[in-house]
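Worksheet for the structure shown next.
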Amino acid sequence: MSWVSAFDIGTTSVKGILISKDGSIKGEKTYPLQTYYGVNGEIEQSPEEWRDGIIEICRYWMQNVKVEPEDIKAITFSGQMQDLIFASRLRVPRAILYSDTRAKSEAERINLEIHQLTEIANNPIDASSPFAKCLWMQSHQQEIYESCEAFLFSSKDYCIYELTNQLVTDPVTAATTGMMNLRKKEWQKEWLGKFEIPIAKMPDIRYPDQLAGHVTKRAAELTGFMEGTPVLSGSGDAGATTIGAGAVRENDSYLYLGTTGWAATVQKEFGESGDFMFTLSHVLPDCYISIAPLLNVGNVYLWAGKTFANGMDELEQLIAESPPGANGLFFLPYLNGERCPVNDPDAKGIFYGMTIHTKRADFARAIVEGLCYSYRQIMNLVMNDRRPASITVIGGGARSRVWCQITADVLGTEVHVPENSEYLPAVGAASNGFCYLGWVRNYEEFADRFIKADRTNVYSPLNQQIYHKGFETYEKLYPAFCLTHPPIS
Ligand code: ADP
């Protein structure tokens, strides 16, 4: 049997799967990762741990799953994006993760000194941008900046380097660096020159199903992969997740309900991104992903489970005890500030509408309804107020049936939840291997054959009407409270 091996190098773990030509999956294995937090806003990971994760998963495959190395026809990846990683054979410094906030003033400098940011890169620059992080390294850690062989921007780029010695990235990852011309899919040389970032240290941009290189003798000895096995460029996690959600045609849309989350839609063209929306290259060369992020999603659901119930199962039952509209109770979910549609790091959570009749179940329901209203706001942004007939919902939150039903009712669309939710980014990454090997004609065929809905939630027109009115009230709450009553610090 022939296999594609696919890895997702996330923030909390490395996940690996083997997927056969007929779409069957085996060898699912997870390797946990550590994150290092410093007192000055440092958030870092060790690239050597990413590599060790791959080695351990490969050994498990060879010894326990009994896969023959020659049966693995291609290796492909998905990985966290907006990192700054230093390729070096001498000593591997820690990678600076996307959430690291040290480069704030460098981001301000870029925004001040470059005037065509939105036309060319079409993405907001803040402290998470690798562009800003490069400038921070230039002035704060010159030795590493100058001695490294190259800069890489996704955990999977580093793993490709370990396996093949090649320095490549993909257009999805490159779009999030702030240094790529989004239409041309090229580094914006003029900007690099202006800030003295050496172009020679930038990786080659290759499409996800293009060859990055072949497994070297050294990597073969470490992993058990056969020397010479093709390794593909793969894609940043938003690209692989988009394929994993089956969003491969114009206007296909999905919601990601993770610890944090996003709403995304596929577009053939892009206008100017709003301040806190992003436009990424899609894995499909002629498409873009319009994406709007939320900071308050599964983390808020977890908080609700602890605060109003004894865990998720009880929360799920409690929500169902309150009617749609939660007896007039509303919740603004901004427990961690918010990025979109309100960009306010100081925004706070609010309950509004309590009476003497309000019950614990109403609090539980209002919380999930607040999360769904917040998704409706960002859906309206990415889809220009269009309402899709159906939408795919993925991520840990999709396990909650009641959350998915309220999502369907609030959005007034059918909600599909696919199988293998936990491994969807890896399944999405595997599609690159299928295209490269000619096992499918294109990504559309991959999605049609292998991304299957496990469950569907149909919306109730009656509940949709209740939520339509509720949404009008919800939209007034942030301007009424948070804008007029800034938090007491
Ligand atoms: P990430 O990879 O961003 O950490 P995941 O897709 O693993 O996110 O989702 C994590 C979130 O999933 C948690 O914050 C939690 O709220 C949610 N979650 C996990 N299990 C359940 C469940 N049974 N019901 C509802 N939500 C759940």
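Computed on segment 246-489, with alpha-carbon pairs under 8 angstrom and 6+ residues apart, the relative contact order is 20 percent. If I fit a long axis through the Cα atoms of helix 130-140 and take the longest principal axis of the Cα atoms of the chain, what angle between them do I get, 0 to 90°, rounded to 10? Tilt of helix 130-140: around 70 degrees. On a per residue basis, the chain carries 41 Å² of accessible surface, using protein heavy atoms and a 1.4 Å probe.
If R0 equals 60 Å, the separation of the Cβ atoms of R59 and R401 corresponds to a calculated FRET efficiency of about 0.95.
Between H140 and T259, the C-beta separation translates, for a Förster distance of 41 Å, into a calculated FRET efficiency of about 0.90. All other residues whose Cβ lies under 13 angstrom from that of Y467 are scored, Lys and Arg at +1 and Asp and Glu at -1, for a net of 0.
The simple spin-label model puts a point 7 Å past each Cα toward its Cβ; for S390 and E269 those points are separated by 2.9 nm. Summarising the strand pairing of segment 246-489, around 75 percent of its internal DSSP beta bridges are antiparallel. Accessible surface of the chain, 1.4 Å probe: 49 percent of it comes from carbon and sulfur atoms. Here is the list for segment 245-340: trypsin sites (Lys or Arg not before Pro) lying in DSSP coil, each with at most 14 other C-beta atoms within 10 angstrom of its C-beta, are R249, K268.
In the calculated pair distance distribution of the chain, what percentage of Cα-Cα distances lie above 42 Å? That fraction is 17 percent. When you count the other C-beta atoms within 10 angstrom of each residue and take the mean per peptide, 190-199, 19-28 line up highest first as 19-28, 190-199. Checking the Cα-Cα distances for K306/K452; K26/K73; K29/K201; K29/K133 against a 24 Å cut-off, the pairs over it are K306/K452; K29/K201; K29/K133. Taking the DSSP beta bridges in the chain as the whole, what percent of them are antiparallel, to the nearest 5? Of those bridges, close to 70 percent are antiparallel.
Counting charges near T101 (Lys, Arg +1; Asp, Glu -1) among other residues having Cβ under 13 Å from its Cβ returns a value of -3. For the chain, the 222 nm mean residue ellipticity estimated from helices alone, with every DSSP H stretch of n ≥ 4 adding -39500 (n - 2.57) and the total spread over all residues, rounds to -10500 deg cm²/dmol. Near Y301: Cβ cut-off under 11 Å, other residues only, Lys/Arg at +1 and Asp/Glu at -1. The net charge is +1.
Loop-resident GluC sites (Glu not before Pro) (DSSP state other than H, G, I, E or B) in segment 205-258 with no more than 13 further Cβ atoms inside 10 Å of their Cβ: E227. For segment 3-233, state what percent of all Cα-Cα pairs lands in each successive 5 Å bin, counting from 0 Å until the bin that includes the largest distance. The distribution over segment 3-233 is 1, 7, 15, 19, 19, 15, 11, 7, 5, 2, 0, 0, given as percents.
The values are calculated or read from the model by the stated rules, or taken from the named source; none is laboratory data. From a predicted model like this one, the values you see are computed outputs, not experimental measurements. Glycine gets a Cβ as well: all are built from the backbone with ideal geometry, and neighbour counts include every protein chain shown. The accessibility values were calculated without ligands, DNA or RNA, using every heavy atom of the protein model including side chains. Shrake-Rupley method; radii C 1.70, N 1.55, O 1.52, S 1.80 Å.
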